[in-house]
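Throughout, read-outs are computed from the coordinates displayed, never taken from laboratory work. Predicted, not measured: the structure shown is a model, and the values here were computed from it. Counting neighbours? That spans all protein chains shown, and the Cβs are built from the backbone with ideal geometry, glycine included.
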Amino acid sequence: MSNEVVVHKNRTNVISVDLGIDVSGDTITSEIRSEPNVESTLIATWVVGFENGGTDGMLVLTLDDAITALITHTTGYMDIKRITGSEPVPVFDRPLEVVFREAVTE
């Protein structure tokens, strides 16, 4: 799989995303679902923040260990939705594949 996102179960996961444009006035959301469509089972919702206020396009996506500990799936799909003005616009041309990995150390 290319461009897969790895989420470690029982760990807090933080990933940085560089959109390369000013998104400081936008609302950004991201979910992981069991299939690449909005009707499928919701697995987890990323907490989305701006690294530097969003003017540089840098996002920080976080999943807390309390959330990842509850995940039973081994794979999923995610995308990022950007609402600019009142318009929802895609960030990627297709959903990203997500792989959930078990932790080894207790």
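Here the chain has an Rg and Dmax of 14.0, 45 Å, counting Cα atoms alone.
Suppose the chain between THR62 and ASN10 were pulled fully straight at 0.36 nm per residue; how much longer would it get relative to their current alpha carbon spacing? Extra length available between THR62 and ASN10 comes to 17.4 nm. When region 7-106 is described by a simple charge dipole with +1 on each Lys and Arg Cβ and -1 on each Asp and Glu Cβ, the residue from ALA44, GLY57, ILE21 located farthest towards its positive end is ALA44.
For the chain, averaging the sequence separation of C-alpha pairs within contact (under 8 Å, six or more residues apart) and dividing by the residue count gives a relative contact order of 38 percent.
Rounded to the nearest 20 debye, the dipole size of region 27-98 about its Cα centre is 80 debye, using +1 on the Cβ of Lys and Arg and -1 on the Cβ of Asp and Glu.
With a simple spin-label model that places each label point 7 Å from the Cα along the Cα-to-Cβ direction, the separation between ASN52 and LEU19 comes to 1.6 nm.
Stretching the chain fully between GLU35 and LYS81 yields a gain of 14.9 nm (0.36 nm per residue, less the alpha carbon separation).
From least to most packed, judged by other beta carbons within 10 angstrom and beginning with the fewest, SER30, SER86 follow the order SER86, SER30. When the scattering of region 5-59 is computed by the Debye formula from its Cα atoms alone, each counted once and equally, what is log10 I(q)/I(0) at q = 0.13, 0.16, 0.22 Å⁻¹? The Debye formula, applied to the Cα set alone, gives -0.40, -0.59, -0.92.
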